[in-house]
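This report concerns only the one structure given below.
The values are calculated or read from the model by the stated rules, or taken from the named source; none is laboratory data. Because the structure is a prediction, the values reported are computed rather than measured. A quick note on method: Cβ atoms are made from the backbone with ideal geometry, for glycine too, and the neighbour counts reach across all protein chains shown.
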Amino acid sequence: MRDKVKALPWQELLLPLVAVVLALLVGSVFILYVGENPLKAYGILFTESLGSMRNIATTLQRATPLMFTGLAVAFAFRAGLFNIGAEGQLYIGAFCAVWVGISFNLPRIIHLPLAIFAAMVGGALWASIAGYLKAKLGVHEVINTIMLNFIALFLTDWLVTGPFHGGSWVPETVRISSSAAFTRIYLPTRLTTAVYVAGIAAAAVYIILWKTKRGYELRAVGLNPDAAEYGGINVARNTVIAMAISGALAGLAGAEQILGLHNRFIVRFSSDLGFMGIAVALLGKNHPVGVLLAAVLFGALQAGSAAMDRSTAVPRELITIIQALIIFFVAAEFLIRRMLRLKEDA
Amino acid sequence: MRNKLSLLVVVVLLVGLIAVPAAAQKARIGLIFAEGGLGDQSFNDAAYRGLMQAKEELDIEVYYVEPADIAEMEEHQRAYADMGLDLVIVIGFIHQSALTEVSADYPNIKFAIVDDVVDNPNVTSLLFEEHEGSFLVGVVAGMMTKSNVVGFVGGMEVPLIRKFQVGFEEGVKWANPNAQVLVNYAGAFDDPGRGRELAISQYERGADIIYHAAGGTGSGVIDAAASNDFYAIGVDSDQDYMAPGKVLTSMIKRVDMAVYEVIKAAVEGTLEGGTWTFGVADGGVGTSEFKYTKDIIPQEVFDRVEEAKQKIISGEIVVTNPLQ
């Protein structure tokens, strides 16, 4: 029998790093294939995403929503739930935020927190539908969160093209009042104070999961629901709570998009931020710090590829391929462990 | 491993430094596409042709970008403005909201927007009389229909696309008072599957000619025409070649011409903002050359289209513009 030695923390960090390097190597084959120089392409990607304070700010701005959706997916995952529904929870949260943002006229110190809170509540309620269906009726959360995504998408489509349409040619609401908006902190980029909220959220996730009794229960359910039940933990209750907290985090991503980036609800504004959150959580090993780092990496890839597209002929689709390759290599963890001769994690 | 990694980082950094381009004296023009991007064989591709023509003939340096989504429009606008380009052209009304803000923040940068109006002194708004061009293809449809039912498939249901619809309906009725026009909207400019679906449903309701004003969605309409017993009418670019013989004509909107003209004015230093309108009279909108359908369409149809065209130019026919 083989000894199972737990991987050391630095090895945990090494795995995603190796995945990224492998993805860049395989990606360079594609870049060569389209007739560009991979070193030049990666050079541009690097300077355009991290080469100046301004580019770093753009990278962080792109990373902010992914931090929230990544945390959302990671939190549910720790409780043994695969939340594919972050996208839908984000839309519901975003709509709640925009509703508070346009409907009230309050001092900033109340208005902004209220809009953020509304987004969290909206996301949490939407996600707890999925949690309830799983806990009480045994409907698998993967199925019901996917279905709820569609409902959230079309519901907000209808709300924003119908009763809340702002009257312009674009299917969008009117702008929120400025008292509900996050403050931009590094002009001319669109980085806002929402990035601080993401940091707070990551700390909160860490504390809830590892420093509270509730967190202990959630993780116990995640590791083995039967054992947890046997140990006196109410699995159904914890399932609903885990989904609700996960949904609140996804709702925060919606709040960031509305109150920070767009200042209005544009139909289908999220370019798969919720689904990207799955990749971010996976790469970040479902740990809050890992999630933040992974979100910054994906933010850098997006910011870099957009800038690359603006100033060179390298098609940005290449970067999408590299993102996919990173996910692929992270998922193929087993392969990398074999390569590095690491013992399998228990 | 670690050494190799740091070596890679160093190499990457060096290459990045070398790759920074030297300052050029040429006029620098930036263009930001609408959603759907390049390869829509329609609106964006027309803008690209104008940009490339300007690049060849006016000796300029061009930059262009395809936004991944509507959230990116503002970032690209600001980035090009920060690069200090001589002109930033944005394609489509989808940019209007962001450009209103950005152009105010950069009063020294010149902008141009296709298909919408931004009322700042540094913005030139490029508009088309799509209702007049749509009237002309409506005449073709009205005369060519055998079932007296024709169809219209729009992209998003916005006033701009209604302009195409109203012009088309009036053209059909002018040529054939008995004809009926079915109208459907796809809700998107980048969903060919939905376009195909709507076209087939109109065909099943009796339509034998379907006009689309739906950007990339419209390629589904043309695709459906190619494999079913009805004709399509293309839009924006000359789409007749997409299903030779099955696309009766295209309502050509010379976005390329507008893009070229506005770049030319910027290069010559005569660009002063305001609104430019391109219509039937100056060839800004009109029918295609009927390259593949000349033999199917009787001469009297061409005569009637020419008659309508002259009457629009002379003002004898006034096509309703729903935006006014």
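Residues in region B:199-245 that are part of a loop (DSSP other than H, G, I, E, B) and of a type in the set (Ser, Thr, Tyr): 1 in all. Take the conditions (1) buried (at least 20 other Cβ atoms within 10 Å of the Cβ); (2) in contact (Cβ under 8 Å) with a residue 40 or more places away in the chain; (3) more than 30 Å from B:Pro121 (Cβ to Cβ); B:Ala225 misses just one of them, which is (2). Within region B:268-324, the set of residues being surrounded by fewer than 13 Cβ atoms within 10 Å (Cβ to Cβ) and assigned to a loop (DSSP other than H, G, I, E, B) comprises B:Gly269, B:Thr270, B:Glu272, B:Gly283, B:Lys294, B:Asp295, B:Pro298, B:Gly315, B:Glu316, B:Val318, B:Gln324. Return yes or no: is B:Val123 buried (at least 23 other Cβ atoms within 10 Å of the Cβ), farther than 27 Å from B:Val259 by Cβ and not basic (Lys, Arg)? Against the criterion (buried (at least 23 other Cβ atoms within 10 Å of the Cβ), farther than 27 Å from B:Val259 by Cβ and not basic (Lys, Arg)), B:Val123 does not qualify. Part of a helix (DSSP H, G or I) and in contact with a Phe, Trp or Tyr (Cβ under 8 Å, 6 or more places away or on another chain) - does that describe any residue in region A:40-52? Among the residues of region A:40-52, not one is part of a helix (DSSP H, G or I) and in contact with a Phe, Trp or Tyr (Cβ under 8 Å, 6 or more places away or on another chain), which makes the answer no.
When only residues in region A:40-55 that are buried (at least 21 other Cβ atoms within 10 Å of the Cβ) and farther than 13 Å from A:Ser28 by Cα count, which is nearest to the other protein chains (Cβ to nearest Cβ)? Step by step, filter region A:40-55, then rank; the result is A:Thr47. Assess whether A:Arg338 counts as being in contact with a helix residue (DSSP H, G or I) (Cβ under 9 Å, 6 or more places away or on another chain), free of Cβ contacts under 8 Å to residues at least 60 places away in the same chain and farther than 25 Å from A:Asn83 by Cα. Taking the combined requirement at face value, the residue does not satisfy it. Only residues that are buried (at least 24 other Cβ atoms within 10 Å of the Cβ) and hydroxyl-bearing (Ser, Thr, Tyr) were counted across region A:110-151, and they come to 1.
Scanning region A:152-178 for residues that are exposed (fewer than 15 other Cβ atoms within 10 Å of the Cβ) and either away from chain B (no Cβ under 12 Å) or in a loop (DSSP other than H, G, I, E, B) (or both) returns A:Gly162, A:Pro163, A:Gly167, A:Ser178. Out of A:Gly199, A:Gly247, A:Gly251, one residue alone is modelled with pLDDT of 95 or more and in contact with a Cys (Cβ under 8 Å, 6 or more places away or on another chain). It is A:Gly251. Note on region A:221-234: residues that are in a loop (DSSP other than H, G, I, E, B) and surrounded by 21 or more Cβ atoms within 10 Å (Cβ to Cβ) total 0.
Among residues of region A:23-39 being assigned to a helix (DSSP H, G or I) and within 12 Å of another protein chain (Cβ to nearest Cβ), the one that is farthest from A:Ala306 (Cα to Cα) is A:Leu25.
Per-residue answers, yes or no, for (1) surrounded by fewer than 24 Cβ atoms within 10 Å (Cβ to Cβ); (2) within 14 Å of chain B (Cβ to nearest Cβ):
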residue: A:Ala236; (1), (2): yes, no
residue: A:Val240; (1), (2): yes, no
residue: A:Ile258; (1), (2): no, yes
residue: A:Val267; (1), (2): yes, yes
residue: A:Asp272; (1), (2): yes, yes
residue: A:Leu293; (1), (2): yes, no
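Residues are listed down the side, and each one gets a yes or a no for (1) surrounded by fewer than 22 Cβ atoms within 10 Å (Cβ to Cβ); (2) closer than 18 Å to B:Thr275 by Cβ:
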residue	(1), (2)
B:His95	no, yes
B:Ala98	no, no
B:Val102	no, no
B:Tyr106	yes, no
B:Val117	yes, yes
B:Glu129	no, yes
B:Ser134	no, no
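Does B:Thr277 satisfy being within 24 Å of B:Lys146 (Cβ to Cβ), touching a residue at least 40 places away in the same chain (Cβ under 8 Å) and in contact with a Leu (Cβ under 6 Å, 6 or more places away or on another chain)? Here the answer is no, as B:Thr277 does not meet what is asked.
Could you grab me the full set of residues in region B:250-267 that are of a type in the set (Ser, Thr, Tyr) and either touching a strand residue (DSSP E or B) at 6+ places or on another chain (Cβ under 9 Å) or not in a helix (DSSP H, G or I) (or both)? Selection gives B:Ser250 alone.
Selection within region B:281-312: residues that are in contact with a strand residue (DSSP E or B) (Cβ under 6 Å, 6 or more places away or on another chain) and β-branched (Val, Ile, Thr). The member of this set that is nearest to B:Gly30 (Cα to Cα) is B:Val285.
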